[in-house]
Every structure is written in structure tokens, then in C-alpha cells.
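Derivation of every value follows stated rules applied to the coordinates shown; laboratory data play no part. All values reported here derive from a predicted model rather than from experimental measurement. Please note: Cβ atoms are built from the backbone with ideal geometry, for glycine as well, and neighbour counts cover all protein chains shown.
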Amino acid sequence: MTTTKSKKITLNAKGIYYKQFNELIRQKVAEGYTDFMLENVNGQRYIGTALDGNLTFEVHGVPGQDMGAFMRGPSIYVRANAQDGIGNTMDDGKIIVDGLAGDVVGYAMRGGNIYIKGDVGYRVGIHMKAYMDHQPVIVVGGKAGDFLGEYMAGGIILLLGMFSGKPDAPISGRSLGTGMHGGVIYVRGKAPIDQLGPGLHAQPADGTDMEAIERIVNDYAKELDLDANEILSEGFEKIRPFSHRPYGNMYVPS
Amino acid sequence: MKAPEKYYDFDKDISGCGIFGVASTERNLISGDMPIAAMACMHDRGNGLGGGFAAYGIYPEHADEYAFHIMCDDKAGVDASEEILRNYCIVHQYEPIPTRKTLAITNAPIVNRYFVTPNNDQNEFSHLGEEDYIVAVVMKINTSVSGAFVFSSGKNMGAFKGVGFPEDIAEFFRLDEYKAYIWTGHNRFPTNTPGWWAGAHPFTILNWSIVHNGEISSYGINRRYLCEHDYLCALMTDTEVVAYELDLFIRKHGLSWEMAAKIFAPPFWDEIERMDKDDKELYTALRTTYGPAMLNGPFAILVADNNRLMGLNDRIKLRPLLVAEKDDMVFMSSEESSIREVCPELDKVWMPKAGEPVIVDIKG
């Protein structure tokens, strides 16, 4: 096994078109750089997209759409808000956003972790799926818009509702988990029953759930410099489908 | 009023556009450089087939006159549209809209502006109130003069638009030389209708302007509904209906902006079911009365007149919209980066709830 030595570089994105900037990043990866400080990022799309391996990116400024899409392994720390489509179909790695994030975070995500400190937009974690030990995890520190976990097939969404700019909003929007047939959505405090999609129910988290929640919360709190005990000071509920295959009879009745 | 020929055979537009707006609540004037830079940051949301801006507060010396911006394919269009304008209005001043030659903008139409007020001659529109009269003149030019379109008709405001990326359209119209207290901008990505000059955003009528990211699937029924109320859609882009609906609901029917927003994006029936008695009655009546005016399909829109800027999403938020504040300025945009591009430090940033209008009042 080869030991990888970290090799640092700072890249300035100021005024650079996303295509050239991503080409530069990939060139530096090919040259053996592993730790990237990306300065003055503003709206450049596809940062970290489809990159493999043990790489670290610290993004200063607001990255553009589809950051970390199809990514397999790298960690991206965003020291700002993020826009739409981050972690799209991501395979493995970590995305940490020290702010809010837009719509469709972690679309069809199949592995790795996405930690958002604040609020997120609509359709977060839709079509998430898991396979064997590939278990995608999304943690939302604030509140979520409609369709959180819609069509979810696997993985874990943990919704905290704590670090939100929307004090009056419910913890999640309408159609929470609609069409969900696998995976689990954990909600800190009470799950918003009125917002639940059909065929789902909410129950208190049990011992096994709490083990998973604690493990995730500890890592989340460590990455975002938050107090894990405070996050865990409240109970959690889990949202799951009523049955194993809730839509099994929808098109081809048995 | 007759329906336009083959009114059922409409084209519509599906787009993945970019929108940006900024307003100073104190009516401080903002240079055109700001919206231009913000739109350029979202260059890739469009494809070069449409760009445009609306600006409020740009014609203070003509504040009591309607500023008609007219684009014409040729001299014949100019002559015919001018003839109509002079038949129905007093033209106080007219001039070509100042433009720059730029490499990016080719085949531009002839663009002129006229500062007008209605004349008192007897004609088929004499029975109308002043603003209805102006609307009728706009419709007459748009539907009866071949290759001539009025793309702006408000007071102390103007729309500038065409085929090109927004930054190129801004260069063409020299928008860096204008200052306004409200700006909206649009970057177009048309897929269903041709990218043509009059089909670019903003769409305007009187002081109303709208820029839109999305697709109005209900264009057909909206257009037929408007037709019954003497608004004729001539510009082959779905967004045109929103400008006329705003004028109909707010100016003519006296509804509030909030109610107009709730006609565009009404609450779901199950939500209405859970409302208290008064709200239930209100929203049931609104949905029943204005059913054909509801906007179905994905949208994020920015709407303005001389005193307000409003941002609104469709009720399931199928397009992005973000709001930010800094001192007296309120920004609304498809992407936060476009706002940070022109104002790196912000006091507040949030994404509005689907179907809930964000309304900014301008003081004074």
C-alpha cells in the first residue's frame, strides 16, 4: 500500500470561467496535489465534480451549481453558502457547508456524507439510494423545503431544524418523504405529521436508531464545530414507509 | 374584440433562464453596471438567444409621459407604427434609442423611443380611461403593424431587450450609462420558441415589467382568458401573459399584489381546507374566479412597477430564487453568486417559500 503525502496548493478563482478553473484543478490533481485552498470562488460550477480519491478542498466564496457531482472520495469544505445541486449523484466523500444550501442537495446520492449547517431548499435528498455498505447521509442543521427525501430508496437524512433563519417555518415543507420506499429520515424533536407524504409513519427513534444518530451527530458537530451534546439533548423521531415494498403492487398487482 | 387568428395554435417557451433584480428602498439610483455584472455572472443560465433589462427612474425629465420603446424590422414598420402613435397620441419627443455597435449583436431591429400622452381626438378608444387607452394603442401597434412591437410603454421606466446574452444587450443599449432605483435583468434559454427580439424578457405593459425563469404551461388558457379582457398576446413567449394579468388584476380589478400573487400561485385545495373560515372563503373565491388566470408550470418571476419589486415562485418551487439585503438594497436572483459578484457583503440571505411573494416597497 502506498502512503499518500499531502501536498498543498492555493488556487485563485477570481474572474476565472468554471471550465478553465476545473481544468486547472484537475491538472493539479494529476500533478499530485491533494489539499486545495480555493480562494475567491463565486458561482463557478462543477467544483470537485467526478473527482476520485483522497483529496481535500476548502472553498472560500459561493460555489456554483453541481458542486461535487459524481464525486467519489474527496472532502469539500465550503466556508460560505452553497447553491443548487450539490452532491448530485455523489458516490463517496464528504461535503460540508458552513451556511445554507439551495435546492436538490444530494440528488440520487449513493454514498458519502453531506453536512449542511443551515437551511436547505426544496427536493433535498430525493432519489437517495443505498447498496451494501454504501450508505449516503445528509444532515440538515436548519430547516428544509418541500419534498425532502422524495422517492428515497436508501440512506439516512437527519433533519435538525436548529440553525435556521426561518423561526416561524415548520421544520420541513410539504410532501416530506413522498414516494419513499427505503432508507430513513430522522427528525430532531417531533416529525411534522401534517407534512408527511402518503404511506409513511413517524415513530420515536429506538436504541439502534440512536446509535446511528449519535455517530452521525458527533461527526457533524466535529466538522462544523458545534456542540454534539446540545444537538442530542432532544429526542428524535424516524420516518419510514409502512411496509417493505409500499409500491410493489402499483403497476403490476399480484 | 375578436380572438386573434388561430389563437388556439400557440407556441410556448420552456426555458432555464437566469433572473436578477435589485431595488433601493430609498430610491437611490443604482448604476446599470451592477445588474449587468450580476447577469454576466449567470452567463451560463442563458444561451445567447435573449437578454434584457427593465429600469425604473431613468426618464425623470419625462416622468408624466408614457415612454414608448418600439422595435421595427424596417423603415415601413417605423412609419406605420409612428402613424398610429401620432393618430392616437401627442408625441412630445422622439429619438432613436442610443445604441453602440457591438460585435456580439447582429441583425438588430430599428429601436426608437417616443414620449407621448393621449390626444383628445375622437377615435374608437376615446371612451377609455387614460391607461386603458395607452394599453389599446400598444395592442393596436403590436397586432396590426407587421414587424413592429412596442416593448415598453410606462412612465419614467424602460425595458431594453433583444437577442444576445444580457451583457451584450446591455452593451448594445449602453445601459452602463443609465441609473435606476429598480433594475431587473434576464438571461434567456428558449427551447420552444424562436429567440427573437420582441420575445426576449422583460415583458412590459404600462409601468409593469416582468422577468421569468421557467415555463408557463397554462399559457394557452391564460392567453384565451386575457383575450376576453382585450389583451392580445403578440410576442410568442409565455411570459407575456403575466404582464397583462398584473395590469388586469392590480390596476383594473383593484386587487393587492399579494392577491395577484395568490392567483398566479394559489394555495393547494388541501391547504385551503385547513384554513380558518375567512381565508377559506377568500381563497376558494379567488381560485374559482381566477381559475383560468392561474399560472401552471415552473416559475421564478420578478415583477416591478415604479414603487415595488416582487419576487415569486410557483407553489412547488420548480425554479430557484434567492433574496438578499444590504443596507437600503434588496436583491433577488436565481443564484447567490450573482449577488455576491456585485455586493460581496450581505446583511441577510434567504430563499423564499414556494408561492409566497416577497414584496419590496420603495419609499416616497
Pulled fully out, how much extra length does the chain show between B:GLU273 and B:ASN296, if you take 0.36 nm times their separation in residues and subtract their Cα-Cα distance? 6.2 nm
Under 5 Å between amide H atoms, partner at least 5 residues away or on a different chain: which partners does A:HIS201 have, H built in plane at 1.01 Å? A:ARG240, A:PHE242
Expressed as a whole number of Å, what is the distance separating the alpha-carbon centroids of the stretch B:166-183 and the stretch A:93-170? 39
Taking the stretch A:1-94, the equivalent ellipsoid from its C-alpha gyration tensor has semi-axes in Å, biggest first, of 19, 15, 11
Evaluate peptide A:174-184: per residue, the Cβ atoms of other protein chains within 10 Å of its Cβ; return the mean as an integer. 1
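In square nanometres and to one decimal, what's the mean projected area of the convex hull around the Cα atoms of the stretch B:54-172? Display every interim value, and only then the final one.
Details: hull surface 29.2 nm².
Quarter of the Cα hull surface area: 7.3 nm².
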At 7 Å along the Cα-to-beta-carbon direction for both B:ILE90 and B:GLU345, put a label point, then send me their distance in nm to one decimal. 5.1
Cα pair distances of the stretch B:112-242 binned at 10 Å [whole percent]: 11, 40, 35, 12, 1
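Report, to two decimal places, the Cα Rg of chain B normalised by 2.2 N^0.38 Å (N = number of residues).
Chain B yields a ratio of 0.93.
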Listing B:TRP350, B:TRP269 by rising number of other beta-carbon atoms within 10 angstrom, fewest first, gives B:TRP269, B:TRP350
Extension length gain for A:GLU214 and A:ALA30 (0.36 nm per residue less Cα distance), in nm, is 62.5 nm
Normalised contact order of chain B, rounded percent, pairs of Cα under 8 Å and 6 or more residues apart: 26
What's the ranking of A:106-112, A:12-18, B:156-162, A:126-132 by average number of surrounding C-beta atoms within 10 Å, highest first? B:156-162, A:106-112, A:126-132, A:12-18
7 Å from Cα along Cα→Cβ at both B:THR102 and A:LYS5: what's the point-to-point distance in nm? 5.1
Quick one: angle between helix A:207-224 and the longest Cα principal axis of chain A, in degrees between 0 and 90, rounded to 10, please. 30
Per the Kirkwood definition applied to all pairs of different Cα atoms, how many angstroms is the hydrodynamic radius of the protein assembly as shown? 25.8
How large is the convex hull of the Cα atoms of the stretch B:152-306 per residue, expressed in Å³ as a whole number? 118
What is the distance in Å between the Cα centres of the stretch B:22-85 and the stretch B:212-260? 20
Cα-based helix-to-principal-axis angle, A:18-30 vs chain A, degrees rounded to 10: 80
Less than 26 Å apart at the alpha-carbon level, and either on another chain or at least 8 residues along: which lysines does that give for B:LYS179? B:LYS101, B:LYS155, B:LYS161, B:LYS326, B:LYS348, B:LYS363
Over all residues in A:40-49, what is the mean tally of Cβ atoms on other chains that come within 10 Å of each residue's Cβ? 3
Work out the FRET efficiency for B:GLU356 and B:ASP328 from their Cβ-Cβ distance, taking R0 = 22 Å, and round it to the nearest 0.05. 0.45
Using R₀ = 41 Å, calculate the FRET efficiency as 1/(1 + (r/R₀)^6) where r is the Cβ-Cβ separation of B:LYS363 and A:ASP225; round to 0.05. 0.50
Within 10 Å of each Cβ in peptide B:314-324, how many partner chain Cβ atoms are there on average? Round it to a whole number, please. 4
Taking the C-alpha atoms of chain A, convex hull volume expressed per residue in Å³: 140
Rounded to 5, percent antiparallel among DSSP beta bridges of the stretch A:99-244: 40
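Of the peptides B:71-81, B:43-53, B:122-132, A:29-39, how do they stack up when ordered by the mean number of other Cβ atoms within 10 Å, highest first? Could you put the intermediate results ahead of the total?
Numbers: B:71-81: 17.5, B:43-53: 23.9, B:122-132: 12.7, A:29-39: 15.3.
Per-residue Cβ counts within 10 Å, averaged per peptide and sorted highest first, yield B:43-53, B:71-81, A:29-39, B:122-132.
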Estimated inter-spin distance, B:SER217 and B:ASP230, nm [label 7 Å along Cα→Cβ]: 3.4
In terms of the alpha carbon gyration tensor, root eigenvalues a ≥ b ≥ c, rounded if a/c is under 1.5 and otherwise prolate when a/b exceeds b/c or oblate, the stretch A:45-195 is oblate
The stretch B:280-337, Kirkwood Rh and Cα Rg, ratio Rg/Rh at 1.07
